Amino acid sequence: MPRSAALEAELAMQACGRRPEHLLQMLIRLQEVFGHLPPEALTRLAAVLGLPRARIEGVAGFYSFLHTRPVGRYRLLFPDNIIDRMLGVPRLMDRICRNLWIEPGLLSEDGLVSADTTSCIGMGDQGPSMLVNGRSLTALDDARADALCERIRAGEPLSAWPAEWFAVADNIRRRDMLLSAPPVPGEALAAAQARGRAAWLDEMHASGLRGRGGAGFATARKWQACRDAAGERRVVVCNADEGEPGTFKDRVLLTRMADAVFEGMTLAAWAVGADQGFLYLRGEYRYLRAPLQAVLEARRSAGLLGHHIRGVDGFDFDIEIHLGAGAYVCGEESALLESLEGRRGTPRIRPPFPVTHGYLGRPTVVNNVETLAACCLVAIHGGAWFAGHGSAASSGSKLLSVSGDVARPGVYEYPFGVRVREVLDDAGAVDTLAVQLGGAAGIMLAEHEFDRRIGFEDLPTAGALMVFDGRRDPFEVAANFVRFFAHESCGFCTPCRVGTQLLAGYMDKLAAGNGSFRDLADIEWLDRLLKNASHCGLGSSAPNPVIDGLRNFRPAFERRLKNADFQPAFDLDKALERARQMTGRDDAEAHLDNSPERP
């Protein structure tokens, strides 16, 4: 049984050094104990940390994995992104809810279990999947769903559930320069230290390595700006908040090549003079925290982290793992820094940029998991060697998370410049109608564009490649992405907060058969508004799925139009259907008739 809420709050603060910037980590620890955040615990945190209770409530209310009310001994979360819907997750969710006699979004009457939907959990290659108390349950089918319900009704702890239910396969389908030969721990660091700090940074400039998180900013330029910024203490942050729907390649790197990721962080620290590092791990990957901590301990024991790394005086650097708690917007680097500082993950106004004013106002480098792992190749083989792979403006290789209508979903690594069609062929795609490249915020390609090349010159991407064959409806795909953005908007700026909801409303209107051409024109107007007025990339990207859908698959939208002219979205006659059922009437007088002939 857990101790009192006040005592557990004291223990959480003690574990986090009583530092207010670690508030989110304290809340996560408390929820792991109680299953939710008791009011007494929040009161104790506010009193000891010297923070307003309203701020703590605000942080707790921002992250979807934190709950200020009980959600049951078993919390079931089903991913609602388009890939998981195609895999049959909604049907399995319905089956489980019926078996357990619960309604989605509500706690069972006995307080045992609750079920709800969430966004992508990074398991699009694992078959139908779900989260049970934060743990990923994969390869879900009818038999496993029924057995799961029996164990919940019996009150069986998750530790007694079959281990294979939680197995996560790497599904590496194609290897190239990064995945084919993981570096030996310390090998890259030794090569960089032998060059010296300045010469190592020169090698990074020569490599042409650009960020693999989507934006594609030159990694060496970012490091240079951080190194040259005023301030004594510098920070390196690994962005492992892989929240873009359809993306899971960072999950595989953290599983297979954690040493390379941490070594890449240490290489960045050597270049910029940082002494503190953080790996910000998305909450959906919480199961990776323990093995990642074990890798960090091994590196400390080997002299690859801590004081005087590899015997070099003055080179002190260590890494902490911080968990996210279910907020897509924290993938944006400034929102991630806000979260690291124990606040709501609201993107910052820039300038100033993180390289000069980042974590706690210090010069900070924020790099993606794949970017940092690739730095090891530059250190070992040199910048010129790395630049010799890929294409002119896109050096090196790219990891792609391939999911959807393919025979072999998983992670594929190619040199930059690969054609989309080649990826489809390797993955076993047949009769492909559309490809969504770059996740919900990316671009939807039609068949005539499959010969375009993946790279910063043509098709930049963070790594998601979702495939849809001729059975799929492009409208439904776009609608799912729009609902995702409406759900994930942080609410900070009015254009995004309101605009994403308006977009979702237009898509719902079209789906109900009440749309008109005027609605399509309004959607295009909203696209311009969001791109020009949104505070961050979430808002400006939100209309992309609809705009791309209209560009390539306009008939899928137009066949849902009810009238060429404007019509109200609300169908009053349809709304009276329930009343007609209750009264047993379905005659003409019980219906509304808006025709001009009717008096």
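Scanning the range 439-455 for residues that are out of contact with any Lys or Arg (no Cβ under 6 Å at 6 or more places or on another chain), surrounded by fewer than 18 Cβ atoms within 10 Å (Cβ to Cβ) and closer than 26 Å to residue 218 by Cα yields one hit, 452.
Listed here are the residues, each with its yes/no results for (1) surrounded by fewer than 21 Cβ atoms within 10 Å (Cβ to Cβ); (2) within 28 Å of the chain's Cα centre (by Cα).
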residue: 14; (1), (2): yes, no
residue: 21; (1), (2): yes, yes
residue: 38; (1), (2): no, yes
residue: 43; (1), (2): yes, no
residue: 55; (1), (2): yes, yes
residue: 64; (1), (2): yes, yes
residue: 82; (1), (2): no, yes
residue: 90; (1), (2): yes, yes
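Conditions (1) hydroxyl-bearing (Ser, Thr, Tyr); (2) crowded, with 24+ Cβ neighbours inside 10 Å; (3) assigned to a helix (DSSP H, G or I), marked per residue:
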{"position": "183", "(1), (2), (3)": "no, no, no"}
{"position": "191", "(1), (2), (3)": "no, no, yes"}
{"position": "215", "(1), (2), (3)": "no, no, no"}
{"position": "230", "(1), (2), (3)": "no, no, no"}
{"position": "259", "(1), (2), (3)": "no, no, yes"}
{"position": "262", "(1), (2), (3)": "no, yes, yes"}
{"position": "266", "(1), (2), (3)": "yes, yes, yes"}
{"position": "269", "(1), (2), (3)": "no, yes, yes"}
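Determine whether residue 330 is crowded, with 21+ Cβ neighbours inside 10 Å, more than 30 Å from residue 494 (Cβ to Cβ) and not hydroxyl-bearing (Ser, Thr, Tyr). For residue 330, the condition - crowded, with 21+ Cβ neighbours inside 10 Å, more than 30 Å from residue 494 (Cβ to Cβ) and not hydroxyl-bearing (Ser, Thr, Tyr) - is not met. Only residues that are of a type outside the set (Lys, Arg) and assigned to a loop (DSSP other than H, G, I, E, B) were counted across the range 452-474, and they come to 10. Quick check, is residue 199 among the hydrophobic types (A, V, I, L, M, F, W, C) and touching a helix residue (DSSP H, G or I) at 6+ places or on another chain (Cβ under 9 Å)? It is true that residue 199 is among the hydrophobic types (A, V, I, L, M, F, W, C) and touching a helix residue (DSSP H, G or I) at 6+ places or on another chain (Cβ under 9 Å). Looking across the range 507-518, just one residue is surrounded by 19 or more Cβ atoms within 10 Å (Cβ to Cβ), touching a residue at least 40 places away in the same chain (Cβ under 8 Å), of a type outside the set (Lys, Arg) and in a helix (DSSP H, G or I), and that is 510.
Residues in the range 44-79 that are farther than 13 Å from residue 23 by Cβ, touching a residue at least 24 places away in the same chain (Cβ under 8 Å) and not in a loop (DSSP other than H, G, I, E, B): 6 in all. For the range 274-317, the set of residues classified as aliphatic (A, V, I, L, M), outside any helix (DSSP H, G or I) and crowded, with 22+ Cβ neighbours inside 10 Å consists of 274, 279, 281, 305, listed by residue number. For residue 530, the requirement of being buried (at least 19 other Cβ atoms within 10 Å of the Cβ), under 17 Å from residue 443 (Cα atoms) and at pLDDT 90 or above is met.
The values are calculated or read from the model by the stated rules, or taken from the named source; none is laboratory data. Values in this document were obtained by computation on a predicted structure and should not be read as measured data. Here the Cβ is made from the backbone with ideal geometry for all residues, glycine too, and neighbour counts use every protein chain on show.
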